[in-house]
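Everything on this sheet refers to the single structure shown next.
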Amino acid sequence: MCILRLLLFCLLGMFGSLLLRADDAAPQNKEKSKPTAEKEQSGITFDWIHVDGPYVALTFDDGPSSKLTPKLLDLLAAHHIKATFFLIGENAAENPELVAREARDGHEVANHSWSHPNLAKMSDDGVRGQLRRTDDAIKNALGKSPTLMRPPYGSITLRQKRWINQEFGYKVILWDVDPLDWRRPGASVVCNRIVKNTRAGSIVLAHDIHPGTIDAMPCVLKELEAKGFKFVTVSELIAMETPLPPKPSPTPKPSLPPKASPAPTSAPAKSTSSSPTPQN
Ligand SMILES: [Zn+2]
């Protein structure tokens, strides 16, 4: 009897763990439908831009930092390089003079939420408040609203992208190069990852709140310049967008619709952006 009861418990335990595993897998399945979803978002969401020319956009998230951002701005000015800053509203409200300097130096300033929450898990009103307060902080510093937003962690639903675009007029900017600099792997690792993965049309993610990221930038700028890249803001990069060449197909009339492909010419450098807990 005892043995039978033990067996029953074992079986129940096995079923239980199978069910749990099925739950864990659910979000991954959702992720797999992403390419189709991204296609529907054409003109709203960008992680890489097809351009004719060696143009790239450097982006810096989570600042401004009163300690580190001025150092980065000095370096960018010395190289005559324009970048894009996705600001945390709290930091922008604390450092309006830095926000103003970013714009004065020719950089683009954009919305990265008020306090860096996971927007996909929030109510519409919660998201609205996060974006509105940050928009106001930027408008107070610059006299005008930004036109781009980046969701913290890249986490945002298709429905949210739509209404945010309609309500705020924002384009939603992700990235194709992620050096995972928030893990603070050291300046040379950050530099190598960026230089290795950047290609024409890339949107490079970095954070101007980590000393190692700032320390990596002299190397990043030098190496990318040596490769012939030119630096523009994200809005400038989007304005340069050219149509993708039609994909050569061996069969003239495929009976099935073409599969949604994330990258038409060469695969974007997504190597590290699928990290479970990115701190963008
Ligand atoms: Zn962030």
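All of the numbers you see were taken from the coordinates with simple rules; none came from a lab. What you are looking at is a predicted structure, and each value in this text was computed from that prediction instead of being measured. All Cβ positions, glycine included, derive from the backbone under ideal geometry; neighbour counts span all protein chains shown.
Brief remarks follow.
- Under 15 Å from Lys139, Cα to Cα: aspartates and glutamates that are on another chain or at least 8 residues apart: Glu90, Glu94, Glu97, Glu102, Glu108
- Amide H to amide H distances under 5 Å link Thr45 with Val172, where only residues 5 or more positions off or on other chains count and H is placed in the peptide plane.
- Euclidean distance of C-alpha centroids, the range 90-147 and the range 200-240, integer Å: 21
- Inter-label distance, Trp163 to His79: 4.0 nm, where each label sits 7 Å from its Cα along the C-beta direction.
- A Cβ-based charge dipole, computed about the Cα centre of the range 114-177 with Lys and Arg at +1 and Asp and Glu at -1, lands at about 60 debye.
- Phi angles across the range 151-157 convert, under the Karplus curve 6.51 cos²θ - 1.76 cosθ + 1.60 with θ = phi - 60°, into 3J(HN,Hα) values of x, x, 6, x, 9, 6, 8 Hz, Gly and Pro given as x.
- 13 Å beta-carbon shell around Lys82, net charge (K/R +1, D/E -1): -2
- Near Tyr55, the amide H atoms lying under 5 Å from its own belong to Gly201, Lys230; only residues 5 or more places off or on other chains count, and H is placed 1.01 Å from N.
- Net lengthening on full extension, Lys144/Ala226 (0.36 nm per residue, minus Cα-Cα): 26.0 nm
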